[in-house]
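Novice: Got a structure for you, written out below as C-alpha cells; questions coming shortly.
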C-alpha cells in the first residue's frame, strides 16, 4: 500500500483544509457579488434600495447629520491611508514587519474598487428619490468607503485577535474594528451617497479581499507569529516561577 504522506514542498493537511475552505468561501462570495452586480441597475433593486434608504433617513436631525459626516470620514481614502501607515509603523516597531507590509497592501482595495465601479457603472442616488446630504461624483456600486474600510479595519481586527494577549483587550479592539466599517457603511446610506445594495456588494467583495490577505499572511507571517507565541509563553513561564517563589 502506497504512503499518502505529504511531500516536503506541500503544506500539511490542516493547512490544505484551511486553504480549501477559504477557496470555497471566496468562490461563493464571488458568485454572490457577480449576481448582485448583474442586477445592480435593475428597477426592482432600485425600488428596494429606495425603501431601505428612506427608512434609514427617517427621523433625521442636525445631530444625526453631523454624526454621519463624522463617521463617514473614517472611511475616506485619505484617512484609511494614514491609518495604514500609522499601523505599519506601529507593527514594524514591535518587530512585525510582514504584518506591517500586509497592512499597507490592504490599500490595494481602493484602486480595485474604482475598477469595479467602472465595470458595473451604476448611478448614485438622486434627490428626487431620497435625501442627499452630500453629492458625490462617480459611480455607485460597490461603495468605496464600505469596501475599503471592510478590508483595512477587517485586517487590523484579524491582527488584533492574533496578537493582543489579554482576552478582554483582544475582544474589545476586535469588536471596535469590526463595528467601525459597519457604522461607516450605514453612514453612506444615511447621507445619500450610496444605495443599500452598493453596501452589500462592497461588504461581499471586501470580504473576498480580506480572506485572501488573511490567508496569505497566515503563511507569510508564520515565523513572526511563532516568535510572538514563543515570547508570550516564555513570559508566562517566568511569571509562574516568580509567583511560585513568593
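The values are calculated or read from the model by the stated rules, or taken from the named source; none is laboratory data. It should be emphasised that the depicted structure is a prediction, and the values quoted were computed from it without experimental measurement. Here the Cβ is made from the backbone with ideal geometry for all residues, glycine too, and neighbour counts use every protein chain on show.
Novice: Could you list, in sequence order, all residues of the stretch 45-78 that are surrounded by fewer than 17 Cβ atoms within 10 Å (Cβ to Cβ), touching a residue at least 40 places away in the same chain (Cβ under 8 Å) and in a loop (DSSP other than H, G, I, E, B)?
Specialist: If the condition is that a residue be surrounded by fewer than 17 Cβ atoms within 10 Å (Cβ to Cβ), touching a residue at least 40 places away in the same chain (Cβ under 8 Å) and in a loop (DSSP other than H, G, I, E, B), then 60, 76 are the ones that fit.
Novice: Inspect the stretch 106-125 for any residue being closer than 16 Å to residue 154 by Cα and over 15 Å from the mean Cα position of the chain (by Cα) and give the result as yes or no.
Specialist: Scanning the stretch 106-125 turns up no residue that is closer than 16 Å to residue 154 by Cα and over 15 Å from the mean Cα position of the chain (by Cα).
Novice: Within the stretch 77-95, track down each residue that is out of contact with any helix residue (DSSP H, G or I) (no Cβ under 6 Å at 6 or more places or on another chain) and either modelled with pLDDT under 95 or under 19 Å from residue 227 (Cβ atoms) (or both).
Specialist: 90, 93, 94, 95
Novice: Restricting attention to the stretch 93-115, does a residue exist that is in contact (Cβ under 8 Å) with a residue 24 or more places away in the chain, in a loop (DSSP other than H, G, I, E, B), out of contact with any strand residue (DSSP E or B) (no Cβ under 7 Å at 6 or more places or on another chain) and surrounded by 13 or more Cβ atoms within 10 Å (Cβ to Cβ)?
Specialist: yes
Novice: Look through 204, 182, 212 and report the one residue that is under 13 Å from the mean Cα position of the chain (by Cα), free of Cβ contacts under 8 Å to residues at least 24 places away in the same chain and closer than 25 Å to residue 27 by Cα.
Specialist: 182
Novice: Go through (1) crowded, with 17+ Cβ neighbours inside 10 Å; (2) in contact with a helix residue (DSSP H, G or I) (Cβ under 6 Å, 6 or more places away or on another chain); (3) closer than 24 Å to residue 89 by Cβ for residue 161 and report which single condition fails.
Specialist: In the conditions (1) crowded, with 17+ Cβ neighbours inside 10 Å; (2) in contact with a helix residue (DSSP H, G or I) (Cβ under 6 Å, 6 or more places away or on another chain); (3) closer than 24 Å to residue 89 by Cβ, residue 161 misses (1) alone.
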